[in-house]
1. Inside region 168-194, can you point out the residues that are open to solvent by 10 Å² or more (accessible area, probe 1.4 Å) and in a helix (DSSP H, G or I)?
2. Look through ASP74, ASP96 and report the one residue that is closer than 18 Å to ILE47 by Cα and of a type in the set (D, E, K, R).
3. Are any residues in region 3-41 at pLDDT 80 or above, surrounded by fewer than 11 Cβ atoms within 10 Å (Cβ to Cβ) and under 18 Å from HIS51 (Cα atoms), and if so, which ones?
4. Checking ASP103 against (1) touching a Ser or Thr at 6+ places or on another chain (Cβ under 9 Å); (2) surrounded by 11 or more Cβ atoms within 10 Å (Cβ to Cβ), which test does it fail?
5. Working carefully through the options THR83, THR88, find the one that is open to solvent by 60 Å² or more (accessible area, probe 1.4 Å) and outside any loop (DSSP other than H, G, I, E, B).
6. I want to confirm something. Restricting to region 141-159 and keeping residues that are part of a loop (DSSP other than H, G, I, E, B) and modelled with pLDDT of 95 or more, which single residue is nearest to the chain's Cα centre (by Cα)?
7. Is there any pair linking a residue in region 98-118 that is free of Cβ contacts under 8 Å to residues at least 60 places away in the same chain and over 10 Å from LYS160 (Cα atoms) to one that is among the hydrophobic types (A, V, I, L, M, F, W, C) and loosely packed, with under 14 Cβ neighbours inside 10 Å, with Cβ under 9 Å and at least six apart or on different chains, and which?
8. What are the residue pairs meeting all of these: first residue in region 161-176, first residue more than 9 Å from ARG130 (Cβ to Cβ) and at pLDDT 95 or above, second residue part of a loop (DSSP other than H, G, I, E, B) and among the charged types (D, E, K, R), Cβ atoms under 8 Å, and 6 or more apart or on different chains?
Amino acid sequence: MKTKNNSFGEVYVDFQVVQGFFHEDFSAVAKFLEKQLTQDGHGGASICVYHRGEKVVDIWGGSANNEGKPWQKDTMAISFSTTKGVLTTAMHMLVDKGLCCFDDPVSSYWPEFGCNGKDKITIRDLLSHRTGLYPISSLVSNIYELLDWEHMCELIAKSKPAIKPGKKPGYQAITYGWLVGELIRRITDKPVEQFVQDEIAK
């Protein structure tokens, strides 16, 4: 990685594997991305970091598709699991406002959810990945079903836990968004994206 400093303490990456800029205090982030892209040999990625309101890292590299199109500053990508923290924050806000309690059964707000051994699953179980509702491939027959919110919430509400709820954790990697998001919608009567926009983003 070749870099050069500017007068603002930012280090601009010379156009090799990684492009963009980073503050000199965050050089390890750029080195990490370069290592990842070099070792893997395919694909691409970007990292943008804000620290105390200031953008300190904005870097990218690799390819955006199988044809080798270069990853650009504005290349769009799916961001897995980053929304879990946002939804968890929103759920904690509802508890803080007194609209629900962590030990309330989910079915008291989402009645259809209470079937197939799920009637005692609490909000606490849901937030701590102890519902047993982590399987996704057994719920859908094609990936496009995941784009239909109502359909997915209906499937999850009807489903049976893979393991006994409330005991061992089972990471709700894909189902977490519908589980928490639909509960937020049931409690607030707002789509989850509207609640996040009104209560957090603004």
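The values are calculated or read from the model by the stated rules, or taken from the named source; none is laboratory data. Computed from a prediction, not measured in an experiment: that's the story for all the values here. When we count neighbours, we look across all protein chains shown, and the Cβ atoms used for this are built from the backbone with ideal geometry, even at glycine. To get the accessible areas, we keep the full protein, side chains included, count just its heavy atoms, and leave off ligands, DNA and RNA. Shrake-Rupley method; radii C 1.70, N 1.55, O 1.52, S 1.80 Å.
1. GLY177, TRP178, ARG185, ARG186, ILE187, THR188, VAL192, GLU193, GLN194
2. Numbers: ASP96 fails: closer than 18 Å to ILE47 by Cα.
Matching residue, one of ASP74, ASP96: ASP74.
3. ALA28
4. The failed condition is (2).
5. Working: THR88 fails: open to solvent by 60 Å² or more (accessible area, probe 1.4 Å).
Of THR83, THR88, the one residue that is open to solvent by 60 Å² or more (accessible area, probe 1.4 Å) and outside any loop (DSSP other than H, G, I, E, B) is THR83.
6. Going residue by residue through region 141-159, those that are part of a loop (DSSP other than H, G, I, E, B) are 141-142, 148, 159.
Filter once more, so that each one left must be modelled with pLDDT of 95 or more: 148, 159.
On the way: ASP148: 18, SER159: 23 Å.
Looking at residues that are part of a loop (DSSP other than H, G, I, E, B) and modelled with pLDDT of 95 or more, I get ASP148.
7. Final answer for the pair search is SER107/CYS115.
8. Cβ pairs passing all conditions: PRO161/LYS118.
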